[in-house]
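The values are calculated or read from the model by the stated rules, or taken from the named source; none is laboratory data. All figures in this text were calculated on a predicted structure; none of them were measured in a lab. Every residue, glycine among them, receives a Cβ derived from its backbone with ideal geometry; neighbour counts consider all protein chains shown. Protein only, heavy atoms only, side chains kept; ligands, DNA and RNA dropped before computing areas. Shrake-Rupley method; radii C 1.70, N 1.55, O 1.52, S 1.80 Å.
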Protein chains: 2
Amino acid sequence: MRIGILGATGPAGSGLAARLASVGFDVVLGSRSKYKAMEVRDSLVTRWADHDLEIEASDSAGAAEADVVVIATPWDAAASTAASVSKQLDGKVVISMANALAKVGHEFQPLVPPRGSVAASVQAAVPRSLVAAALHHVPAKELGHLGEPVESDVLVCSDHPEATEVTIGIVSRIPDLRPLDAGQLSNAAPIEAFAAVLLQLNVRYKTRVAVRFTGLHDL
Amino acid sequence: MRIGILGATGPAGSGLAARLASVGFDVVLGSRSKYKAMEVRDSLVTRWADHDLEIEASDSAGAAEADVVVIATPWDAAASTAASVSKQLDGKVVISMANALAKVGHEFQPLVPPRGSVAASVQAAVPRSLVAAALHHVPAKELGHLGEPVESDVLVCSDHPEATEVTIGIVSRIPDLRPLDAGQLSNAAPIEAFAAVLLQLNVRYKTRVAVRFTGLHDL
């Protein structure tokens, strides 16, 4: 399966790209600038030379040609980036992973984007795509450290069962990530907002937290 | 320390009352009807006869005379209940634990109360009290099963460091609950809303989930 990543030159996108390529996916890094994508591609392939990563670089339209497309831009560019390649995204599973947060003083606070969540904004921008929200609580930096496992539950929600299924399938390929079906896209709002709490715990306890749910041991 | 619980006849309030009494706190059940509080008190004391629970029953004003007061009413009664005993709550630590949720079809969806969260509504209703938000993600029913531990992280947030400290102190007395400082009261909004995600997981996976953060093993 080819996975395109829009906004792949940021920390979340490049970390996810490396991790997905490390478990065998063909990954296409997409960026507004194809050359910036090439630079990040070269840097990932060099850094993890022993992993033989299959990563291509392209502009956004090229990355959006992939089978499944992840929107990893900053939150305020997510919907417009999806809209700019809506033709390529038509009928496809699109994964939204951005959180809308603002730094107020020393704290991160959640913002309420149009439609209630970033993922809902993306779904509204590409109504013929099957948008799932996922990967909001996985620490981006750790995701890109291929030498170390990232232990986290990954909440997936969507109004399209197919999008939930495909996204859960992708996440389940990554060791130590446990994908969970968190219902309809309405839940993207609390899932995205909760990222502010995780960041706050990171600051307070000088660490990188991730979420694990108890009570699901038999999955 | 005496802890008063307003709305103590509901599942969250009575479960918390039993649990707090079981670890040695003097608990005062408060309800609009003193007689309903007495009925619930008798039922808890009988059910857990071997625990020698120290539980009194009172009306709301009587329970609000305690050292620390928990608001365990349904979310839409939290602010008005606090306001009704504002004189008794003056200068005290008040813990808000309600989540504003609506059942839409088969799913729970978070509501946005005035001021952004239930806890912020309560703080606005009793501006001379020190409101902390806590205990939103602990399964209420399990909390009342004294025979079994409840394993969960408990996010605490407040605009008053003293309220955070006192609340963390209370929660830390309950085995297997781990209190965490989640910053200012602005974070009550995502914490409360996230309860919808937990309920959704409960429905989807036919279980009772609770939250544990990874990355905090040294606390």
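Taking θ = phi - 60°, what integer Hz values does the Karplus form 6.51 cos²θ - 1.76 cosθ + 1.60 yield along the range B:133-141, in sequence order, with x for Gly and Pro?
9, 6, 6, 6, 10, 7, x, 4, 4
Could you give the accessible area per residue of the range A:1-53, probe 1.4 Å, as a whole number in Å²? Present the calculation step by step, with values, prior to reporting the outcome.
Values: 2490 Å² over 53 residues.
With the other protein chains kept in place, the range A:1-53 gives 47 Å² per residue.
Can you list the residues, at least 5 places off or on another chain, whose amide H is less than 5 Å from the amide H of B:V154, using H built in the peptide plane?
HN-HN under 5 Å from B:V154: B:R178, B:L180.
Which of B:A102, B:A72, B:A125 moves most in a GNM of chain B, Cα contacts under 10 Å?
B:A102
Give me the percent of accessible area attributable to carbon and sulfur for the protein assembly as shown, probe 1.4 angstrom.
On the way: 9210 of 18160 Å².
Answer for the protein assembly as shown is 51 percent, counting heavy atoms of protein chains only.
Near A:K92, which lysines are there with a Cα under 18 Å away, not counting those fewer than 8 places off in the same chain?
none
Based on the Kirkwood radius over alpha-carbon pairs, what value in µm²/s does the Stokes-Einstein equation return for the translational diffusion coefficient of the range A:122-184 at 10 °C and 1.306 mPa s? Working shown, then result.
Details: Rh = 12.3 Å.
Stokes-Einstein gives a translational diffusion coefficient of 129 µm²/s.
Suppose every K and R has +1 on its Cβ and every D and E has -1 on its Cβ; what is the size of the dipole of the range B:10-57 about the Cα centre, in Debye to the nearest 20?
Working: 6 positive and 7 negative charges, 63 e Å.
That gives the range B:10-57 a dipole magnitude of about 300 debye.
Please list, in chain and number order, the residues 5+ apart from B:R2 or on another chain whose amide H is under 5 Å from its amide H, with Hs placed from the backbone.
B:D67, B:V68
Every other copy gets compared here: list the nm distances from the B:M38 label point (7 Å along Cα to Cβ) to its counterparts, shortest first, one decimal.
8.4
Charges only on Cβ, +1 for Lys and Arg, -1 for Asp and Glu: so what's the dipole of chain A about the Cα centre, in debye to the nearest 20? Before the final figure, lay out the partial values.
Numbers: 19 positive and 24 negative charges, 131 e Å.
For chain A, the charge dipole is close to 640 debye.
Quick one: which bits of the range A:86-113 get at least 20 Å² less accessible when the partner protein chains are in, versus the chain alone, with a 1.4 Å probe?
Buried-area filter returns A:E107, A:Q109, A:P110.
What number comes out for accessible area per residue over the range A:72-202 if the probe is 1.4 Å? Units Å², please.
Values: 4880 Å² over 131 residues.
Value returned for the range A:72-202: 37 Å² of accessible area per residue.
Let's see if you can work this out: charge +1 on each Lys and Arg Cβ, -1 on each Asp and Glu Cβ, no other charges. What is the dipole magnitude of the protein assembly as shown about its Cα centre, in debye to the nearest 20?
In debye, rounded to 20, the protein assembly as shown gives about 760.
When Lys and Arg each count +1 and Asp and Glu each count -1, what net charge do the other residues less than 13 Å away from B:P190, Cβ to Cβ, add up to? The partial results should precede the final answer.
Numbers: positive: none; negative: A:E107, A:E192, B:E192.
Surrounding charge for B:P190 is -3.
Among B:S14, B:L130, B:G24, whose Cα projects farthest towards the positive end of the dipole of chain B, with charges put on the beta-carbon of Lys, Arg (+1) and Asp, Glu (-1)?
So the residue furthest toward the plus end is B:S14.
Using the Kirkwood radius over C-alpha pairs as Rh, can you work out the diffusion coefficient of the protein assembly as shown via Stokes-Einstein at 20 °C, viscosity 1.002 mPa s, in µm² per second?
Working: Rh = 22.6 Å.
Result for D is 95 µm²/s.
Hey, how much of the P(r) for chain B falls beyond 23 Å, as a percent of Cα pairs? Spell out each step's value before the answer.
Working: 9897 of 23871 pairs.
Summing the P(r) tail past 23 Å for chain B gives 41 percent.
Need the list of lysines near A:K34 for cross-linking: C-alpha distance under 21 angstrom, and skip anything on the same chain fewer than eight residues off.
A:K87
If you take the Cα atoms of the range A:1-89, find Rg, then find the Kirkwood Rh from the mean of 1/r over all pairs, what is Rg/Rh? Walk me through the intermediate numbers first.
Values: Rg = 11.7 Å, Rh = 12.3 Å.
Rounded to two decimals, Rg over Rh is 0.95.
Report Rg(Cα)/(2.2 N^0.38 Å) for the range B:99-219, keeping two decimals.
After normalising by residue count via 2.2 N^0.38 Å, the value is 1.08.
Each residue of the range A:15-24 in turn: what ³J(HN,Hα) in whole Hz from Karplus with 6.51, -1.76, 1.60 and θ = phi - 60°, glycine and Pro shown as x?
Computed from phi, the couplings for the range A:15-24 are x, 5, 4, 4, 5, 5, 5, 5, 9, x Hz.
Can you give the relative contact order of the range B:130-210 as a percent, counting alpha carbon pairs under 8 Å and 6+ residues apart? The partial results should precede the final answer.
Details: 119 pairs, mean separation 26.7, N = 81.
Relative contact order for the range B:130-210 comes out at 33 percent.
Just grab the label-to-label distance for A:E165 and A:S33, each label 7 Å out from Cα along the Cβ direction, in nm (one decimal).
4.2 nm
Over all directions, the average projected area of the alpha-carbon convex hull for the range A:156-219 comes to how many nm²?
Values: hull surface 20.5 nm².
Its Cα hull, projected and averaged over all orientations, spans 5.1 nm².
How large is ³J(HN,Hα), in whole Hz, for each residue of the range A:145-161 in order, when computed from phi with the Karplus curve 6.51 cos²θ - 1.76 cosθ + 1.60 and θ = phi - 60°, using x for Gly and Pro?
Here the 3J(HN,Hα) series is 8, 5, x, 10, x, 10, 9, 7, 7, 10, 7, 10, 9, 6, 8, 10, x Hz.
Given label points at 7 Å from Cα along Cα→Cβ, what nm distances, shortest first, separate A:D76 from the same residue in every other copy?
3.6
Along its three principal axes, how long is the range B:68-109 when you only count alpha carbons? Whole Å, largest extent first please.
Sorted from largest, the Cα extents of the range B:68-109 read 41, 16, 10 Å.
State, to one decimal in nm and shortest first, how far the label point of B:H217 sits from each corresponding label point in the other identical copies (label point: 7 angstrom along Cα-to-Cβ).
Label-point distances to the other copies, shortest first: 1.8 nm.
For the pair A:Y205 and A:T46, what calculated FRET efficiency results from E = 1/(1 + (r/R0)^6), where r is the Cβ-Cβ distance and R0 = 22 Å, to the nearest 0.05?
Values: r = 34 Å, r/R0 = 1.52.
About 0.05, to the nearest 0.05.
Mind listing the long-range amide H neighbours of A:A132? Cut-off is under 5 Å, sequence gap 5 or more, other chains count too, H placed in the peptide plane at 1.01 Å from N.
The list, which skips near neighbours in sequence, is A:V94, A:I95, A:S96.
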